[in-house]
1. Picking from 94, 165, which residue would you name as being among the hydrophobic types (A, V, I, L, M, F, W, C) and under 30 Å from residue 69 (Cα atoms)?
2. Based on what the data block shows, is residue 175 at positive phi, modelled with pLDDT under 95 and out of contact with any His (no Cβ under 7 Å at 6 or more places or on another chain)?
3. If only one of 107, 98, 84 is farther than 30 Å from residue 171 by Cα and either at pLDDT 90 or above or within 27 Å of the chain's Cα centre (by Cα) (or both), which one is it?
4. Any idea how many residues of the stretch 231-247 are under 20 Å from residue 200 (Cα atoms) and either modelled with pLDDT of 90 or more or in contact with a Gly (Cβ under 8 Å, 6 or more places away or on another chain) (or both)?
5. Report, by residue number, each residue of the stretch 192-240 that is closer than 19 Å to residue 144 by Cα and open to solvent by 40 Å² or more (accessible area, probe 1.4 Å).
6. Can you pull out every residue in the stretch 156-182 that is open to solvent by 50 Å² or more (accessible area, probe 1.4 Å) and either closer than 12 Å to residue 126 by Cα or not hydroxyl-bearing (Ser, Thr, Tyr) (or both)?
7. Quick check on this structure: which one of 130, 150 is under 22 Å from residue 199 (Cα atoms), modelled with pLDDT under 95 and of a type in the set (Asp, Glu)?
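The values are calculated or read from the model by the stated rules, or taken from the named source; none is laboratory data. On a predicted model such as this, the values are computed, not experimentally measured, just so you know. Heads up, the Cβs are rebuilt from the backbone with ideal geometry, glycines too, and the neighbour counts pull from every protein chain shown. Remember, those area values only see protein heavy atoms, side chains included, never the ligands or the DNA or RNA. Shrake-Rupley method; radii C 1.70, N 1.55, O 1.52, S 1.80 Å.
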Amino acid sequence: MSRVQKKSILVYSFGGAIMLAFIIFSGAKSNKRQVEDLSIEVIDDDENYFTNNVEIADLLTNGNTDFIVGVKLRELESKNLEERLEKNPFVKDAQIYRDLAGTLQVRVAQSKPIARVFTNGTQDRYIDAEGRILPVSARHTARVPLIETESSFKWKSMYESSFTAQVFRLLTYIGEHEFWRAQIAHIYVKNNGEIELLPQVTKQKIVFGKPEKLEEKFSKLMTFYKDILPKKGWNVYNKVNLKFENQIICE
């Protein structure tokens, strides 16, 4: 190895050592700093308003029993705070980090309900886009389809069985299509596993059958709305049956 190569290695090694020392020094200095301020952002693209900045701040401070502002960074456990926020059923995700000015940045994404479970005299529930069963909120009522079961509602999650997973795919399908989201008002789940839909505008009961072959059945329902009702009259039929393959039975 030449003297030039040895010199280059020494220079790079020395530079690396300086940089490493600077990083360690900066980290140690940063850990001695304290939280100067708190900034909370509640992401609410769907305008659900299930939680707000005041409630998030209350959760962070555990009802004003834990201090945030003025606490040294090394004493702050962001992961624990995120988990505390995510225990709120309406918080889908929480991210906490500190910026260069010493402000603790808190970003909260809310859960998105896709159906409200009607329980006939007992406390209603929401089903969210993640398949979770959530309580209702006194703060806000989401405009989503109602879902009712023939027997008592006992589902704990939309993934607890193959059938509830099918129902969840049906709810997701409706929520992803603007027309069906606006048109389907009520979803009735019978004990035999079949589904009936009640529309928002027209009066016909929709006999959907098992929650399967969604594309095919909703395609037939669209044909009913676009081609049959305009010709026969909007109030001629009381029921449309989509259960059978390649058939639309109007009664």
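1. 94
2. Working: at positive phi: no; modelled with pLDDT under 95: yes; out of contact with any His (no Cβ under 7 Å at 6 or more places or on another chain): yes.
Considered against the rule, which asks whether it is at positive phi, modelled with pLDDT under 95 and out of contact with any His (no Cβ under 7 Å at 6 or more places or on another chain), residue 175 comes out as no.
3. 98 is the lone residue from the list that is farther than 30 Å from residue 171 by Cα and either at pLDDT 90 or above or within 27 Å of the chain's Cα centre (by Cα) (or both).
4. So the count comes out to 6.
5. Within the stretch 192-240, 198, 200, 201, 203, 205 qualify.
6. Those that are open to solvent by 50 Å² or more (accessible area, probe 1.4 Å) and either closer than 12 Å to residue 126 by Cα or not hydroxyl-bearing (Ser, Thr, Tyr) (or both): 156, 160, 163, 169, 176, 177, 178, 179, 181, 182.
7. 150
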